[in-house]
Each structure stands twice: as C-alpha cells, then as structure tokens.
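Only the coordinates and a few stated rules stand behind these numbers; no lab work does. This one's a predicted model, so the numbers in the text were calculated from it and none came from an experiment. Here the Cβ is made from the backbone with ideal geometry for all residues, glycine too, and neighbour counts use every protein chain on show.
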Amino acid sequence: MIGTTEPRTDGETSRNGRCADCGRPLLNGVCRECDTQLLYRFVQREIVVLLVLSAVALLLFLTPRWVAGASRQMSRTDAAAWYRIGNEQLSAGVPALAVGSLQRASNAARDNAQYRLALAQALSANEQDDAARQGLLGLRQVSPEDPGVNAQLARLEARSFGLSDAIRYYQSALYGKWNPEQLPERRLLRIEFVRYLLSHKQNARALSEVLVLSDGLPTGTALQLETGRLYMRAGDLRRALERFAAVLEQDRTNREALAEAGAVAFELGDYRAARSYLARIDERDDDERAQLEMTEQILRLDPSQPRLPLQEKRRRLLSGLELALARIDAC
C-alpha cells in the first residue's frame with residue numbers, strides 16, 4: 001500500500017537503526033519521513049493528472065459552445081445584411097426580390113419578429129396575401145398587441161374587402177402597445193383608418209376617430225388642414241371650420257385654409273364669413289371664383305339685413321325666388 005514501507009533488510013539500513021536514504025531514525029524498521037515524501041509525491045502526481053483531465057474536459061465542453069456561439073453570431077450578421085438588402089429592394093419597388101432576401105434573413109434569425117414582419121410586408125407587396133396573412137397571424141399569436149402586426153393585417157383585410165376584420169385589426173393596432181416616440185406614427189395610422197372608414201361610408205365611426213385625433217393635435221399646418229378635411233368628409237362642418245381657422249391664426253395667407261374655410265362657411269350658410277375667406281385668396285380658380293360670385297350675389301339679395309326698407313326687402317325676396325327657380329330649371 002502507498003504510505004507503507006516494508007522493514008528494510010540489513011543491507012538497506014544502517015547499523016545504528018537509521019534510514020539509508022535520509023539518515024533519519026527508523027521506527028519499527030520504517031522511515032516515516034521517506035514514507036511521507038513518497039505519499040506526497042503520489043498525491044501531487046494525482047492532482048496534476050486530475051487538473052490536466054479537468055482542463056481537457058473543460059476544453060471539450062467549451063469548444064462546441066464557442067463554435068455554436070460563433071455560428072449564431074455569423075447567422076445574425078448574415079440576417080442583418082439580408083434584412084437591409086430586402087428593405088432596400090422593397091423601397092425600390094421590387095418586392096419579388098425583397099421576398100427572397102427577407103426570407104433568408106428570417107431563416108437565419110428565426111426568433112427575430114422584425115424580420116418576419118418585414119417579410120410579411122414584402123409578401124403583401126408582392127400580392128402573396130395568403131402567405132403574408134399566415135406569417136402575420138403567427139406573429140400575432142406571440143404578440144397580440146403588436147401595432148405593426150395588427151396594422152399589416154388590417155391592410156390585408158382592407159384590400160380583400162374584409163370590412164369587419166379590417167376595422168378590428170385597425171382598432172387593435174391603434175390601441176396596442178406604442179412607445180412614446182411612436183406617437184407620430186400612431187397618428188398617421190389613425191388618419192389612414194379614418195380614410196378607410198370614410199371610403200366605406202362609416203361616417204359616424206370615422207367622426208369618433210377624428211375626435212380622438214384632434215385631442216392633443218400638434219399645431220402644425222399640415223395636420224390641422226388634414227384634420228379639418230376629415231371633419232368635412234365625416235359631416236362635422238363646424239369642427240372643420242375650427243381647424244381651418246386655427247391654421248389661419250398661424251398663417252393668415254394660407255391659401256388652402258382660406259379655400260377650405262370659404263367652402264365650409266358657404267355650406268354652413270355663413271355667407272359673410274365665406275366672402276371674407278374667399279376674397280382673401282389672391283389667385284382663385286374657376287370654382288372659387290364662381291363660389292365668391294354666388295356668395296356676393298346671395299348677400300346682395302339677403303332680405304334679412306337690418307334697416308332695409310320694406311320695398312327693398314320685397315325686391316330682394318322676389319329676386320332671390322327668381323334666381324332659385326332659374327337654378328332649378330338649370331338642374
């Protein structure tokens with residue numbers, strides 16, 4: 001056994017009972033010091049062997065993980081490159097090529113929802129609606145409140161005339177999870193939704209969405225004008241006029257706001273306001289010129305103006321009646 005030294009014979013020990021190797025006294029014919037050293041060397045060798053084996057095992061364990069990690073990093077790099085190429089192809093109007101590139105990006109990074117959403121968009125642009133819908137529904141199962149996924153589904157349904165499904169997906173997109181920096185994008189999506197509703201004669205529902213759009217609307221001219229036009233199409237002329245007036249408070253010479261405000265005021269029967277708006281347009285087109293002339297004619301024939309003599313009121317009433325009959329005959 002290790003650690004045990006057999007008693008030495010006469011030739012192995014000194015005559016005075018000391019170890020022939022180290023010269024120390026023997027105990028029962030055994031040198032404890034040499035025996036300890038022998039055991040130490042054995043244990044030291046076993047530790048070295050154990051460390052070497054551990055290092056080899058660790059290397060064998062880490063090598064596949066390192067290779068796998070390097071492979072994943074390479075796949076992510078390739079996926080990002082294909083994603084960039086696919087987006088460029090989609091922007092350039094070649095969705096067929098974009099589908100192939102984005103398919104490669106999705107295959108290289110299967111857990112990346114952004115790549116899969118871009119692929120669905122490319123499929124839709126390439127009129128592969130069934131494949132696009134299947135991909136989007138898979139994404140929606142994982143993230144049912146994702147605005148991008150629901151917006152794409154809404155557009156697919158809108159194109160296939162699925163009115164109720166399109167409305168449902170638009171609403172899911174608008175009331176999904178948006179980051180604060182995405183508010184302008186959300187506002188544009190709401191405008192898209194309102195236009196879709198108006199195109200399908202859903203005026204009441206469209207008006208409720210325009211009211212939401214107006215809440216906290218930035219003071220930018222373009223947004224105010226667009227909101228006013230949406231109010232007009234939805235049938236709320238007074239709120240439309242408020243939007244156009246808000247634009248004119250910032251820019252009194254804004255031609256679009258003057259023309260729209262004049263048309264709305266005319267429809268509301270506020271002919272003095274209509275004349276005021278239309279008269280401030282420097283270069284009127286034929287329709288605006290005709291509307292201004294009609295407005296001035298109506299005002300000239302208005303029998304309700306204060307302090308008019310009775311005879312003048314009667315004349316204006318008769319002239320107005322003749323004008324109305326003439327227009328009826330013209331129609």
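Between VAL30 and ALA55, the FRET efficiency from the beta-carbon distance, with R0 = 45 Å, is close to 0.75. For the stretch 158-168, 3J(HN,Hα) computed residue by residue from phi via the Karplus equation (6.51, -1.76, 1.60; θ = phi - 60°) reads 5, 6, 9, 6, x, 4, 5, 5, 4, 4, 4 Hz, glycine and proline entered as x. Rounded to 0.05, the FRET efficiency of the GLN141 and PHE161 pair, given R0 = 25 Å and the Cβ-Cβ distance, is 0.55.
Stretching the chain fully between ASP111 and ARG238 yields a gain of 40.7 nm (0.36 nm per residue, less the alpha carbon separation).
What FRET efficiency would be calculated for the residue pair LEU211, ALA131, taking the C-beta separation as r and a Förster radius of 45 Å, to the nearest 0.05? Taking R0 as 45 Å, the efficiency between LEU211 and ALA131 is 0.75. Close amide-amide hydrogen proximity is noted between CYS19 and ARG24, LEU26, each under 5 Å apart and 5 or more residues distant or on a separate chain (H modeled in the peptide plane; Pro and chain starts excluded).
Packing around the peptides 166-178, 284-296, 76-88, taken as the average count of other Cβ atoms within 10 Å per residue, puts them in this order, highest first: 166-178, 76-88, 284-296. For the pair the stretch 155-169 and the stretch 198-214, the centres of their Cα atoms are 16 angstrom apart. Applying the Karplus relation 6.51 cos²θ - 1.76 cosθ + 1.60 with θ = phi - 60° to the stretch 254-266 yields 3J(HN,Hα) values of 5, 5, 4, 5, 4, 5, 5, 5, x, 5, 5, 4, 4 Hz, where x marks Gly and Pro. Spin-label model, ILE47/GLN297: points 7 Å from Cα along the beta carbon direction are separated by 11.3 nm. Spin-label model, HIS200/ARG289: points 7 Å from Cα along the beta carbon direction are separated by 4.3 nm.
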